[in-house]
Amino acid sequence: MLGGLQVVHTPDIRDSLLFLTKLQTNHTLRTNYACDCGAGIGRVSKHFLLRRFNTVDLVEQNGEFLREAAEYLQSERSEGRVGDMFDVGLQAFTPVQARYDVVWCQWVLSHLTDDDLVAFFKRCTTGLAPGGFICVKENVAGTSYVVDSEDSSVTRSASVFESLFQKSGLSIIEKQTQTDFPDGLFEVKMWALQPK
């Protein structure tokens, strides 16, 4: 779900793949199982996560989007590569213990309060397989917080995100800035996190 900004799809997928390559090269990331948090209609799962992981679970609170994802990922589902499809918001999602090599959160955390985000990260740590990562890819603001009056989302600064990672008991293992997005958009950063 790109909100009409199809132009970001190719560089988004490219840089996400490069980021995972860095984790595989520098930190021996395993690629058995991933979780796509805020999966929408499955764009990130189809074009990115399923290119690297054997199986991907999807978490999406909008049931209509999840039904579209089931159709969009029909061939991958028939191959058994799409696991569970959770119809739940991240504020209520509790992952299966020790399942995921990566919990991938992209363009969804702006809909959680700081307290809900910290609680979500703490629950996600229990869902990580040994050596697993929580990966965050989000817009970042130049100031602490930018609130969107239309959808009540909150864009946080990189320093606010990093403070919340710290409060969640997470260490930053790698970080990277998205490249080649059009001018006028928020900067986008990626972080790979592991429990301390």
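The values are calculated or read from the model by the stated rules, or taken from the named source; none is laboratory data. None of the values given here were measured: they were computed from a predicted structure. Remember, those area values only see protein heavy atoms, side chains included, never the ligands or the DNA or RNA. Shrake-Rupley method; radii C 1.70, N 1.55, O 1.52, S 1.80 Å.
In table form, for the structure just shown:
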read-out: Computed accessible area, R14, all protein chains, 1.4 angstrom probe, square angstrom; value: 90 Å²
read-out: Rounded, prolate or oblate (a/c below 1.5 giving rounded, otherwise prolate when a/b exceeds b/c) for the chain by Cα gyration tensor; value: rounded
read-out: Phi-based couplings in Hz for segment 138-153 (Karplus 6.51, -1.76, 1.60; Gly and Pro marked x); value: 9, 4, 10, 8, x, 10, 3, 9, 10, 9, 8, 5, 6, 10, 6, 6
read-out: Backbone HN-Hα couplings from phi across segment 49-56 [Karplus 6.51/-1.76/1.60, Hz, Gly and Pro as x]; value: 5, 6, 7, 10, 10, 5, 9, 9
read-out: Percent of beta bridges antiparallel (DSSP, the chain, rounded to nearest 5); value: 45 percent
read-out: Eligible lysines near K196 by straight Cα distance, threshold 30 Å, same-chain separation 8 or greater; value: K22, K122, K137, K167, K175
read-out: Segment 60-65 - phi-based ³J(HN,Hα) in whole Hz, Karplus 6.51/-1.76/1.60, Gly and Pro as x; value: 8, 7, 8, x, 5, 4
